[in-house]
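Report on one structure; see the data block that follows.
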Amino acid sequence: MNFTSLEFLFFFCLVFLVYWNLPDHWKKFFLILSSGFFYAFASWKFLFHLIAVVSINWFFIRFFLNKKWFLPVSIGFNVLNLAFFKYFYFFADLLGIFLGIPEFQNKISLDGILSKSLEWAGFEVVLPLTISYYTFQLISLLVDKKKGLIQEDLGFLKIASYIFLFPVMIAGPILRYSDVSTQFDSPKMEKEDMVDGLWLVVVGLFKKSVVTALMSGSIFQVFAETSSFSGQALLSTIYFFAIYLYLDFSGLTDLARGMGKLLGFTLPQNFKAPFFFNGFGDFWRRWHLTFSFWIRDYLYIPLGGSRSGTLRTCFNYLVAFGLGGLWHGANLNYLTWGALTGLYLSAERAFKDWNIKLIPEIPYVKRTITYLFVLHIYIVSWILFFTPDFSSAVAAVQRIIVWAPGVNFPNMEPCIFALFVALFFHCVEEWPERFKVDLRWKTILLPIVWILVLLALPTGNADFFYGQF
């Protein structure tokens, strides 16, 4: 059920009306049931799977929290659950390469072999909705509970309410239990909360369903056949894809946070003007914040963080972001992207620790050169996100480097418009106090903006690019 679909509109309106007419002690139960229905709309079979996963995690916490093996076993269960569904064919492919069995390297052939061996017609491993996100949330819950950061008893319903929260079930933001635990008991919504929630929703719709929809006709045309387009067109596509990805994902987060606000929840911010960075590390302190902080707190710091010298710190960056790359998808493209990100962060850290200065300390000059370098290094690595395989990504980079001739970038006007839209929202995120609007004016302008956005909505419901992860 897509957030921008008519079905979801009816679903949310019904949930909203019933939810706020229930006594406080029933709201949590109703929200769990509503979220379960939302999840079942995609697959009722995987709803039972998710209930089983939540139940097993509750069982671990309830009966084995004080055991020495609690964390490795409970985390191992969640990782194996994710690995089976998300990396089954990836590991089969590696096994096929290692053993020289080509049938293992082809999904259709492997499914046929397993169907016959297991006597299970039509065998196929299908990725459950939002498994990557709820796995991260459950691991953080287990670790925080073991560390004593969560003092309260965690019954099944408390864990279920944390996982079954439909505004974040598509693609985050990735919650910590402490983000929402106190908000379930007696959710409240004042007039300002409702106005802010509706503003977040309409801004999310504008970013995703208007602006990125205008861009998609241009950039996805290049994605479909990168070998036909010129180096200049491919470079332009990378620039605009960075804008597209920001608007698509921040738009999804705005929708989630807006719907959360309308249900009485304040959900964490996920973007803070990411392209106003001043280095590789600063970019990750601004982009997909809940993912970045999760990688920091549950991978990078447990590996040793920056406590054991520069070389070990660089190693920890490589491991943490290599795994973060694989979290996005089970193929060489995402692993390479994660490894490159870890490499960039490692190089920046090493240069700082060893006091290596490649650019003279000239006002504005160093900042400008650093910005352009980091920008291009990052956005070129995002070629790995939209090319089908590693060789295609390498070929696309080669075409840019040699400035290969070919088809020009199609229809740049909507992408230029998107650039100015992204710049405006970056300014709002970077200097929120300067763009603060009085409640009275927010209330007056809200219906006007809603009408304009609804009139601009195209037909159809495009999926969120980041929803695939």
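The values are calculated or read from the model by the stated rules, or taken from the named source; none is laboratory data. Here the structure is a predicted model, which is why all the values come from computation and not from measurement. Neighbour counts are summed over all protein chains in view; Cβ atoms, including those assigned to glycine, are modelled from backbone coordinates with ideal geometry. The protein model used for the area step is the full one, side chains on, heavy atoms only, and it has no ligands, DNA or RNA in it. Shrake-Rupley method; radii C 1.70, N 1.55, O 1.52, S 1.80 Å.
For the peptides 206-215, 22-31, what is the packing order when you average, over each peptide's residues, the other Cβ atoms within 10 Å and list the highest mean first?
On the way: 206-215: 22.6, 22-31: 14.2.
Taking the mean over residues of other Cβ atoms within 10 Å, the ranking is 206-215, 22-31.
What fraction of the Cα pairs in region 314-469, stated in percent, has a spacing above 27 angstrom? Can you show the working numbers first?
Working: 6052 of 12090 pairs.
Considering region 314-469, 50 percent of its Cα-Cα pairs are separated by more than 27 Å.
Let me spell out the model: positive unit charges on the Cβ of Lys and Arg, negative unit charges on the Cβ of Asp and Glu, origin at the Cα centre of the chain. What dipole size does that give, in debye rounded to 20? Mind showing how you got there, number by number?
Details: 36 positive and 31 negative charges, 226 e Å.
Approximately 1080 debye in magnitude.
How much accessible area per residue does region 290-341 have, counting only protein heavy atoms and a probe of 1.4 Å, in square angstrom?
On the way: 2000 Å² over 52 residues.
It amounts to 39 Å² per residue over region 290-341.
How would region 20-69 be classified by its alpha-carbon gyration tensor: rounded, prolate or oblate, with rounded meaning a/c under 1.5 and the a/b versus b/c comparison settling the rest? Can you show the working numbers first?
Working: a/c = 5.34, a/b = 1.46, b/c = 3.65.
Oblate shape, in that a/c is at least 1.5 and b/c is the bigger or equal ratio.
Taking Cα centroids, how far is region 250-328 from region 1-74 in Å?
24 Å
Over the chain, what percent of the accessible surface lies on carbon and sulfur atoms, probe 1.4 Å?
Numbers: 15380 of 22900 Å².
Accessible surface attributable to carbon and sulfur in the chain totals 67 percent.
What residues have an amide H closer than 5 Å to that of PHE229, excluding those fewer than 5 places away on the same chain, when H is modeled at 1.01 Å from N in the peptide plane?
For PHE229, the qualifying residues are VAL407.
Around GLY204, what is the net charge, scoring Lys/Arg as +1 and Asp/Glu as -1 over all other residues with Cβ under 12 Å from its Cβ? Before the final figure, lay out the partial values.
Working: positive: LYS207, LYS208, ARG257, LYS261; negative: ASP248, ASP254.
Net local charge, GLY204 excluded: +2.
Is region 85-225 rounded, prolate or oblate when judged by the Cα gyration tensor, a ≥ b ≥ c being the square roots of its eigenvalues, rounded requiring a/c under 1.5 and prolate requiring a/b larger than b/c? Walk me through the numbers before you get to the answer.
Numbers: a/c = 2.94, a/b = 1.42, b/c = 2.07.
Oblate is the answer for region 85-225, as a/c is 1.5 or above yet b/c matches or exceeds a/b.
Which of the GluC sites (Glu not before Pro) found in region 93-202 are loop residues per DSSP with 13 or fewer other Cβ atoms within 10 Å of their Cβ? Don't jump to the answer; show the numbers that get you there.
On the way: sites: GLU103, GLU119, GLU124, GLU152, GLU190, GLU192; in loops: GLU119, GLU124, GLU152, GLU190.
Of the GluC sites (Glu not before Pro), the ones in loops of region 93-202 whose Cβ has at most 13 other Cβ atoms within 10 Å are GLU119, GLU124, GLU152, GLU190.
How would SER161, SER306 line up by accessible area, probe 1.4 Å, largest first?
Numbers: SER161 5, SER306 60 Å².
Highest to lowest solvent-accessible surface, that is SER306, SER161.
Where does the chain land at 222 nm, in deg cm²/dmol rounded to the nearest 500, when only DSSP H runs of n ≥ 4 count, each adding -39500 (n - 2.57), divided by all residues? Intermediate values should be presented prior to the final figure.
Details: 20 runs with 306 residues, N = 469.
Calculated from helices alone, the mean residue ellipticity at 222 nm is -21500 deg cm²/dmol.
Given +1 on the Cβ of Lys and Arg, -1 on the Cβ of Asp and Glu, and no further charges, what dipole in debye does region 134-222 carry about its Cα centre, rounded to the nearest 20? Numbers along the way, then the final one.
Values: 9 positive and 9 negative charges, 68 e Å.
Result for region 134-222 is approximately 320 debye, rounded to the nearest 20.
Excluding ligands, DNA and RNA, what is the solvent-accessible area per residue of region 51-103 at a probe of 1.4 Å, expressed in Å²? Working shown, then result.
On the way: 3170 Å² over 53 residues.
Normalised by residue count, the accessible surface of region 51-103 is 60 Å².
List the lysines whose Cα sits under 25 Å from the Cα of LYS147, skipping any in the same chain fewer than 8 residues away.
Straight-line reach from LYS147, under 25 Å: LYS67, LYS68, LYS158.
Can you pull out the trypsin sites (Lys or Arg not before Pro) in region 342-388 whose DSSP state is coil and whose Cβ has at most 13 other Cβ atoms within 10 Å? Present the calculation step by step, with values, prior to reporting the outcome.
Numbers: sites: ARG349, LYS352, LYS357, LYS366, ARG367; in loops: LYS357.
Passing both the DSSP loop test and the Cβ count: LYS357.
Which of the helices in the chain, when you take each full DSSP H run, stretch at least 20 Å along the axis at their Cα atoms and have an average Kyte-Doolittle score of -1.0 or higher? Spell out each step's value before the answer.
On the way: long enough: 24-42 (28 Å, 0.58); 44-64 (30 Å, 1.45); 70-99 (35 Å, 1.53); 131-147 (24 Å, 0.22); 191-205 (21 Å, 0.93); 231-262 (46 Å, 0.75); 310-328 (27 Å, 0.70); 332-353 (31 Å, 0.08); 365-381 (24 Å, 1.18); 413-430 (26 Å, 1.39); 439-456 (25 Å, 1.89).
Length and hydropathy pass: 24-42, 44-64, 70-99, 131-147, 191-205, 231-262, 310-328, 332-353, 365-381, 413-430, 439-456.
Alpha carbons only, please: Rg and Dmax for region 155-210, in angstrom.
Considering region 155-210 through its Cα atoms, Rg and Dmax are 13.6, 42 Å.
Which of the following values of semi-axes √(5λ) of the Cα gyration tensor in Å was calculated from the structure shown: (i) 40, 22, 20; (ii) 34, 31, 25; (iii) 35, 25, 21?
The listed entry that was calculated here is (ii).
Among rounded, prolate and oblate, which fits region 45-132 when a ≥ b ≥ c are the square roots of the eigenvalues of its C-alpha gyration tensor, a/c under 1.5 means rounded, and a/b larger than b/c means prolate?
On the way: a/c = 2.97, a/b = 1.88, b/c = 1.58.
Verdict is prolate for region 45-132.
Would you kindly state how much longer the chain becomes between TRP450 and LEU95 on full extension, computed as 0.36 nm times their sequence separation minus their alpha carbon distance, in nm to one decimal? Present the calculation step by step, with values, prior to reporting the outcome.
Numbers: separation 355, 0.36 × 355 = 127.80 nm, distance 5.30 nm.
That pair, TRP450 and LEU95, stretches by 122.5 nm at full extension.
Relative to the present Cα-Cα distance, how much length would full extension add between VAL402 and ARG62 at 0.36 nm per residue of separation?
Numbers: separation 340, 0.36 × 340 = 122.40 nm, distance 6.06 nm.
Full extension from VAL402 to ARG62 adds 116.3 nm.
List the chymotrypsin sites (Phe, Trp or Tyr not before Pro) within region 358-414 that fall in a DSSP loop (any state other than H, G, I, E or B) and whose Cβ has at most 12 other Cβ atoms within 10 Å.
Values: sites: TYR364, TYR371, PHE373, TYR378, TRP382, PHE385, PHE386, PHE390, TRP403; in loops: TYR364, TRP382, TRP403.
Passing sites in region 358-414 are TYR364, TRP403.
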